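Below you'll find the structure, written out as structure tokens, and then a few comments.
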Amino acid sequence: ENESAARIVSAFSKFNRTLRNKTLAPDMEGGKPLCMYQYTKLFGYGRYPRKGKDVISTNRYAKHIVVMHKGEIFTIEIENREQELLPIAT
């Protein structure tokens, strides 16, 4: 399970990198490119409860993920300072 989870995180991280670098090829429909703006909303978003109305916060350049396992919350660094992905530990 851990290895599978690590590979999924790695794949999402690589996808996020293509979004940041704007190298993701656009989806096409009938030979025409579709707007890819919505993909920028996939990563780096947090929702914080506030009285009366929640607040959405963004950080497109976060270097960590948050994982919940058996009711405990963990923060895991996935990039170094140079925005390079850290290797998957085996």
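The values are calculated or read from the model by the stated rules, or taken from the named source; none is laboratory data. If you're wondering where the values come from, they're calculated on a predicted model, not measured in any experiment. Neighbour counts run over all protein chains shown; Cβ positions are idealised from the backbone, glycine included. These accessible areas exclude ligands, DNA and RNA; they are computed on the full protein's heavy atoms, side chains included. Shrake-Rupley method; radii C 1.70, N 1.55, O 1.52, S 1.80 Å.
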- Counting pairs on different chains as well as pairs 8 or more places apart, how many Lys pairs in the chain have Cα atoms under 21 Å apart? 8
- Message: Could you give each residue of region 60-71 its phi-based ³J(HN,Hα) in whole Hz, using Karplus coefficients 6.51, -1.76, 1.60 with θ = phi - 60°, and x for Gly or Pro?
- Response: 5, 10, 4, 10, 9, 10, 10, 10, 10, 9, 6, x
- Item | Solvent-accessible heavy-atom area per residue, rounded to whole Å², over region 1-48 at 1.4 Å | 81 Å²
- Message: Tell me the carbon and sulfur percent of the accessible area for the chain, rounded to whole percent, probe radius 1.4 Å.
- Response: 56 percent
- Query: Of the labelled options [x] 21, 17, 12; [y] 25, 21, 13; [z] 24, 15, 10, which one gives semi-axes √(5λ) of the Cα gyration tensor in Å as computed for this structure?
  - Reply: [y]
- Net charge over other residues, Cβ less than 11 angstrom from the Cβ of ILE56 (K, R count +1; D, E count -1): +3
- Scoring only Lys, Arg, Asp and Glu (+1, +1, -1, -1) among other residues with Cβ under 13 Å from the Cβ of ARG7 yields -1
- Built amide H within the under 5 Å cut-off of GLU79, gap 5+: LEU86
